[in-house]
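The values are calculated or read from the model by the stated rules, or taken from the named source; none is laboratory data. The shown structure was predicted, so the numbers you read here are calculated from the model rather than taken from an experiment. In this analysis, Cβ positions are derived from the backbone assuming ideal geometry, glycine residues included, and neighbour counts consider all displayed protein chains.
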Amino acid sequence: MSKPIVLALALLLGACTTQQAAVVDLGIEKVKAANDTTAQTLIATVCGMSVGAYNRLESPLERRGVDLLCGGDGEQPVTLEGLQRYLEAQ
């Protein structure tokens, strides 16, 4: 009589483990999605800075980082003339 109870408990514990694993996996995916959204927001924030703010960056390394992060080539800084040409081309 005790063997069926032990077997039933083992089956129940096995099912809980599978369900718990699914819940943990779902939680991990939600955390990953939230982190991806945060990263995209931070990049958009940096790339949305004004030309003046970009030109006031003190470190050339910071300017290069913004250039590379926001799709620039890292060679040519953003200038007022370049922005004007871009706006006229739109």
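Quick notes on this one:
- Check on Leu42, part of a helix (DSSP H, G or I), surrounded by 10 or more Cβ atoms within 10 Å (Cβ to Cβ) and not acidic (Asp, Glu): yes
- Any hit, the stretch 60-79, residues being of a type in the set (Gly, Ala, Ser), at pLDDT 85 or above and not in a helix (DSSP H, G or I): no
- Check on Leu13, outside the structural domain of Leu83 (by TED's automatic domain parsing) and either modelled with pLDDT under 85 or in a helix (DSSP H, G or I) (or both): yes
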